[in-house]
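A quick write-up on the structure given underneath.
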2 protein chains.
Amino acid sequence: MDFAPPKYAQVMRTIQDRIESGEYAPGDMLPSETQLVRELGVGRTTVVRALQTLAMQGWIEREHGRGSFVKGRPQSAADRVRPSLTTAEHGESPDAVLEAGRVPAPRHIARLLGVAEKTPVVVRKRLARQADVISAVETVWVPLEHALGTDLDKPEPLRRGIRQHLQAVKHLRFDHITERINARPPTEEEAELLGSSGPLLGVLATVHDPAGNALMVISLALPGSLHELEDVFKVS
Amino acid sequence: MDFAPPKYAQVMRTIQDRIESGEYAPGDMLPSETQLVRELGVGRTTVVRALQTLAMQGWIEREHGRGSFVKGRPQSAADRVRPSLTTAEHGESPDAVLEAGRVPAPRHIARLLGVAEKTPVVVRKRLARQADVISAVETVWVPLEHALGTDLDKPEPLRRGIRQHLQAVKHLRFDHITERINARPPTEEEAELLGSSGPLLGVLATVHDPAGNALMVISLALPGSLHELEDVFKVS
DNA sequence: ACTCTCAACTTATTCGGACAAGTGGACGAG
DNA sequence: CTCGTCCACTTGTCCGAATAAGTTGAGAGT
């Protein structure tokens with residue numbers, strides 16, 4: 001029952017490990033395909049496949065007639081902090097949950113969920129803390145069809161987090177998230193909860209399943225003085 | 001002198017075109033590899049390479065033993081509006097430039113540029129407009145070593161934009177941008193220029209060349225009431 | 001009706017061979 | 001010294017063959 005990865009994947013792993021260990025430094029030229037064939041004992045097509053995939057992923061750069069050159073561990077969008085995903089995945093502490101139950105969907109939430117305004121939906125509101133300082137107000141809205149049978153409308157904390165809970169109870173899978181960010185003043189309620197009336201980073205995110213349906217909307221109020229979102233992107 | 005793309009790229013193009021035209025709809029099963037070999041008159045390895053690449057790019061999903069299935073045009077991080085890159089690429093209108101010259105680098109800018117505080121740098125400040133409404137204050141900071149010989153420190157508008165100007169005059173290439181976003185109140189100057197004192201989306205971006213050096217820092221003041229940044233990301 | 005087997009179909013991987021095309025350096029001729 | 005040619009090296013593309021492995025449906029047997 002031994003699982004051996006495909007050879008091309010092993011070649012990729014070998015090269016990635018050498019890049020990360022510093023054996024191959026950014027700017028260095030890799031051994032040629034012919035050398036790798038001999039060293040690793042595989043066919044040339046296998047080596048080429050590994051190298052092409054590494055190039056597509058951004059680890060290396062291949063130049064026709066010259067060789068393959070190390071770029072380094074690629075910058076990845078996945079490296080960016082995604083506040084809405086963090087909210088969905090974070091386990092809840094015993095005193096975090098402020099509100100859990102059914103409410104009529106406000107217009108902007110209904111639109112994102114693809115339901116009619118005032119349709120009953122489940123809402124779950126909680127406070128996030130960092131070092132005992134209240135750092136954010138997080139609100140999650142879930143259509144009834146997805147919330148029925150779960151504990152989302154109950155005030156008991158979900159220790160494993162909302163995403164895991166939905167996966168375990170209803171086999172719901174997250175595929176992609178559409179996130180919108182703006183700057184706004186806090187509502188009166190938010191200012192009271194946060195103990196501050198300075199500008200907020202407002203995050204409104206829609207979580208979609210693989211078929212594109214909206215599973216939930218996550219709304220975050222992040223005090224501008226406590227939060228900064230960082231992103232790195234390539235320019236072609 | 002006719003340029004024919006490689007066959008695997010032509011196969012990719014054919015399939016992408018059929019997906020975008022709706023001939024292959026999301027969820028549909030593609031013709032099998034063997035059928036594509038016959039239809040397109042190429043070798044199986046060529047078809048496989050095209051399909052594998054489309055799968056890696058997110059256009060299709062391949063299931064062992066079952067077939068290849070259409071997902072659709074992939075959501076791409078490149079689809080997200082990048083305000084700092086837009087600033088660098090946008091041509092300047094005749095009355096946009098507010099300030100152009102040399103100043104000592106403030107501490108937070110010096111740090112991002114990797115120079116000592118108060119080192120002379122070139123600053124270029126301008127107003128962005130949408131439908132004749134002032135929509136943003138944009139400030140660009142460039143180390144002298146990169147600005148010398150350019151027109152960045154002159155008030156005449158750069159019609160082709162800053163990025164193209166630096167590429168043409170100094171052969172500087174953009175590789176990646178680190179972008180930080182927060183929410184803050186405007187400075188007095190910003191409030192006056194923008195005609196509003198509501199919360200701002202503050203964007204601070206560092207543009208890097210392929211070797212990782214900082215080419216410039218772009219600072220944007222975007223009124224929260226006029227701007228919303230949207231992003232779509234995959235969740236695994 | 002249900003279950004199991006097999007055949008036809010599908011993708012996954014690997015290999016080797018061949019030709020095309022680009023790079024860089026060495027060597028020889030002018 | 002300069003320039004052109006050639007050679008050794010490099011990656012780029014394409015093909016066919018083979019084996020492995022997964023899926024599905026039809027047919028036969030219980």
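You will find that of B:L201, B:L194, the residue that is more than 10 Å from chain A (Cβ to nearest Cβ) and surrounded by 18 or more Cβ atoms within 10 Å (Cβ to Cβ) is B:L194 and no other. Taking the listed residues B:V123, B:V133, the one that is open to solvent by 20 Å² or more (accessible area, probe 1.4 Å), of a type in the set (A, V, I, L, M) and out of contact with any helix residue (DSSP H, G or I) (no Cβ under 7 Å at 6 or more places or on another chain) is B:V133, with no other qualifying.
One residue alone among B:L144, B:L172, B:L193 is closer than 20 Å to B:A96 by Cα and among the hydrophobic types (A, V, I, L, M, F, W, C), and that residue is B:L193. Out of the residues in the range A:28-73 meeting the condition of being basic (K, R) and within 17 Å of B:T53 (Cα to Cα), tell me which one is nearest to DNA strand C (Cβ to nearest atom). That would be A:R49. Take the residues in the range B:183-236 that are assigned by TED's automatic domain parsing to the domain that holds B:E99 and charged (D, E, K, R); name whichever of them is modelled with the lowest pLDDT. My answer is B:D209. Can you tell me which residue within the range A:219-236, out of those that are of a type outside the set (A, V, I, L, M, F, W, C) and within 9 Å of B:N182 (Cβ to Cβ), is least open to solvent (accessible area, probe 1.4 Å)? The residue in question is A:G224.
Screening B:E145 against (1) in contact with a Pro (Cβ under 7 Å, 6 or more places away or on another chain); (2) among the acidic types (D, E); (3) open to solvent by 50 Å² or more (accessible area, probe 1.4 Å) leaves a single unmet condition, (1). The residues listed here are A:R82, A:R111, A:R129; of these, the one that is more than 16 Å from DNA strand D (Cβ to nearest atom) and within 14 Å of chain B (Cβ to nearest Cβ) is A:R82.
So which residues in the range A:164-189 are within 11 Å of chain B (Cβ to nearest Cβ), open to solvent by less than 50 Å² (accessible area, probe 1.4 Å) and touching a residue at least 24 places away in the same chain (Cβ under 8 Å), if there are any at all? Scanning the range A:164-189 gives A:F174, A:D175, A:H176, A:I177, A:T178, A:E179, A:I181, A:A183, A:P186.
The values are calculated or read from the model by the stated rules, or taken from the named source; none is laboratory data. Keep in mind it's a predicted model, so treat the numbers as computed, not measured. Neighbour counts run over all protein chains shown; Cβ positions are idealised from the backbone, glycine included. For the accessible areas, the whole protein counts, side chains as well, though only heavy atoms, and no ligand, DNA or RNA atoms are used. Shrake-Rupley method; radii C 1.70, N 1.55, O 1.52, S 1.80 Å.
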